[in-house]
Every structure is written in structure tokens, then in C-alpha cells.
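The values are calculated or read from the model by the stated rules, or taken from the named source; none is laboratory data. These numbers were taken from a predicted model, which means no experiment stands behind them. Methodologically, a virtual Cβ is constructed for each residue, glycine included, from the backbone with ideal geometry; neighbour enumeration extends over all protein chains shown.
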Amino acid sequence: MLKKILKFGFITGIILILCILLLDFYIIKSTKNQLFTEVTSVKKSYTGLVLGARVYKSGGLSLILKDRVETALKLYQSKKIKRFLLSGDHGTKSYDEVNAMKNYLVNLGVPEKDIFLDHAGFDTYDSLVRAKKIFLVNDVIIITQKFHLKRSLFIANNTGLNAQGFVCDSHNYGIAKTMFIREKLANIKAFIEIFLHLKPTYLGKKIPITKDSNLSFD
């Protein structure tokens, strides 16, 4: 009986590993032509979506997030995007990724009217679905690190967004092994969310990205 259980567990494990590898292969293959590293190569898009990451208690940006925001600024200054959509975790008063990003951009001279905040971008799936359903984004450049970008584009492609991805790996973040495992598991989560057409944690009223961010909307 024990041998049968061990055999079943072994076969199940092999099948699971194969599924993970096949999904990863599909995501890489289906998004490879959407990844860009040069400003001159990427097509103009109305919206630049910056996906959130860790901020410090002081309000300072982690290196990963700083690279994302500064890359988005470079695209804005190069006239590749017109509006910023800053999406991240602002689930509590004490932790606020989106305003930290906004303050960083405003201090660098970006007009507030061009900065839209998604306070409920609790994960990548939520950020992309809300970009489409709440902010009415159609075409978008997603700005994040390469390890995160392939999955982001995979989700975008399955949520009706016309997306490009811009790689912002400006530093060695020292997290390669951790991110490798995390992303493989996150791919499965993304596939399930897409397959089941799950709703994001929050929806809410529509805030069209084409309007002035300082205005209120119904």
C-alpha cells in the first residue's frame, strides 16, 4: 500500500512539474515579441502602467520600485506615454505604495493631472483587470522588471489590453533564486485567475485614464 502511495505521489509530482514548465514555456513564447528594452523601439501608448513594489516607512521607494518609476518617467519624457497609472498596495493607512510613487514623480516635475492612482492594485492580476475595467485603458506599456514582465503581459493579453512591456532592470537586485521559484508559482496563480475569470479584490466607479486625474468621476 505504501509503495502505491509513493508511486502515485511521485507520478503526481512529475506531472505537476511538467505542467509548471509547459506553462512557463508558453508564457515566454507568447509574450517574447512584446518585450522592449530600448525607448526608440517601443511604440507610443497612451498609458504607462507602473506596477507597485515595496516602499519604506519613510515613504522612500525600494530599488526595484525606483527603477520602475524612473523608467516610466523616461518613457514620458520621450513622449512614448501620456499618462501614468501607478498601481499598488494601499490597503492600510500605514502602507501606501501609490502615493509614494506619485510624490517621487511630482518632485521630478510631472504634472499631477497626468498621474492616476490605483490604490487597489494588490497583485498583478488586480492591477491589470482594474486598468481595463476601472481606468478604461486600452493600449498600455507595462513597466516592470523582466522576471515580472512576462507574466504581466500574459495576464494583459487575456484581459483585453493591447499591451507592450518595457524592461527596467537597471540594477542587480540579488533575488534571482527567490524570484525564479516565486514566478513559477505565480504563473499558476495567474492561469487560474484567468481561467476562472476571477474578479479583482475591489472594483468601483470608473475613472477614465483619458481625463484629468484631478477631476472626480461618476
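Any residue that is surrounded by fewer than 24 Cβ atoms within 10 Å (Cβ to Cβ), under 26 Å from residue 197 (Cα atoms), at pLDDT 95 or above and in contact with a strand residue (DSSP E or B) (Cβ under 7 Å, 6 or more places away or on another chain) - is there at least one of those in the range 101-115? No, that holds for no residue. Scanning the range 81-98 for residues that are surrounded by 16 or more Cβ atoms within 10 Å (Cβ to Cβ) and not acidic (Asp, Glu) yields 81, 83, 84, 85, 86, 87, 88, 90, 98.
Just one of the listed residues (201, 210, 178) is at pLDDT below 95, in a helix (DSSP H, G or I) and of a type outside the set (A, V, I, L, M), namely 178. Among the residues of the range 53-75 satisfying the criterion of being within 20 Å of residue 124 (Cα to Cα) and of a type in the set (A, V, I, L, M, F, W, C), which is surrounded by the fewest Cβ atoms within 10 Å (Cβ to Cβ)? Among them, the one singled out is 63. Within the range 71-94, the residues that satisfy the criterion of being modelled with pLDDT of 95 or more and either outside any loop (DSSP other than H, G, I, E, B) or touching a Cys at 6+ places or on another chain (Cβ under 9 Å) (or both) are 71, 72, 73, 74, 75, 76, 77, 83, 84, 85, 86, 87. Only a single item in (1) small (Gly, Ala, Ser); (2) surrounded by 13 or more Cβ atoms within 10 Å (Cβ to Cβ); (3) under 23 Å from residue 113 (Cβ atoms); (4) out of contact with any helix residue (DSSP H, G or I) (no Cβ under 7 Å at 6 or more places or on another chain) is not met by residue 78, and it is number (2). Tell me whether the range 31-46 contains one or more residues that are in a strand (DSSP E or B) and farther than 30 Å from residue 203 by Cβ. Among the residues of the range 31-46, at least one is in a strand (DSSP E or B) and farther than 30 Å from residue 203 by Cβ, which makes the answer yes. Beta carbons closer than 7 Å, at least 6 apart along the sequence or on distinct chains, pair a first residue in the range 199-218 that is among the small types (Gly, Ala, Ser) with a second that is at pLDDT 90 or above and in a loop (DSSP other than H, G, I, E, B) for 204/134.
Residue count for the range 165-175 satisfying the condition of being exposed (fewer than 14 other Cβ atoms within 10 Å of the Cβ) and either β-branched (Val, Ile, Thr) or outside any loop (DSSP other than H, G, I, E, B) (or both): 1.
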